[in-house]
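The values are calculated or read from the model by the stated rules, or taken from the named source; none is laboratory data. None of the values given here were measured: they were computed from a predicted structure. Virtual Cβ from ideal backbone geometry, glycine too; neighbours counted across all protein chains shown. Each accessible area value is taken on the protein alone, full model and side chains, heavy atoms only, with ligands, DNA and RNA left out. Shrake-Rupley method; radii C 1.70, N 1.55, O 1.52, S 1.80 Å.
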Amino acid sequence: GYFVGVSPKINKRPVPFWYTPISGVERTAMITAHTYYGLWKMVTGQISAKNLAGPIFIFGEATTQAKKGVESFLYFLAVLSVSLAVINLLPIPILDGGHILFFIIETIIGPIAVRKKEIAQEVGLALILCLMVFVIHNDIVNRGKRDSEIKWKASQSSSTSQVVTQ
């Protein structure tokens, strides 16, 4: 299957109390890597942008995970939070990643004119708004198809986090 983003595959294993922060960092790094991998496959055309999901899909999945239990719901929220953090760090003006990009550019070449920053922010905002319209459209158009094709895996058998399309 293809990585469309990330989803929980919960692998429970007993660990010493002192190891839990390390395990959390490892899991977060894995989810982050899979999110970047999914984005890369989308940018390179290996995955269709029609697989992008928005707030309607997220709400539906949150409901599904909540029905499965607190553990599945909390893991879903953790995966969602990491995925949103990754997206927020993309170098798009108006997002935090765009601000970081401006700071790096200004460190290298000096101050950027305020008007140029404003234009970049407006372009970034337009991109984000277009993306939101696109993912909401995908949520509405692909609702039935996505329900049958994308399955959230919450199995005990793997420590990999991914959304798999069948």
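Remarks
- Applying the criterion of being assigned to a helix (DSSP H, G or I) and either out of contact with any helix residue (DSSP H, G or I) (no Cβ under 9 Å at 6 or more places or on another chain) or open to solvent by 70 Å² or more (accessible area, probe 1.4 Å) (or both) to the residues of the stretch 88-100, the residue that is farthest from residue 128 (Cα to Cα) is 100.
- Checked against the criterion of being at pLDDT below 90 and among the polar types (S, T, N, Q), the candidates 72, 81 yield just one match: 72.
- The stretch 20-74 - residue that is outside any helix (DSSP H, G or I) and open to solvent by less than 50 Å² (accessible area, probe 1.4 Å) and, of those, farthest from residue 132 (Cα to Cα): 69
- Tally, over the stretch 87-118, of residues that are closer than 16 Å to residue 32 by Cβ and charged (D, E, K, R): 1
Let's see how each residue does on (1) β-branched (Val, Ile, Thr); (2) under 22 Å from residue 29 (Cα atoms):
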residue: 77; (1), (2): no, yes
residue: 90; (1), (2): no, yes
residue: 96; (1), (2): no, yes
residue: 104; (1), (2): yes, no
residue: 109; (1), (2): yes, no
residue: 113; (1), (2): no, no
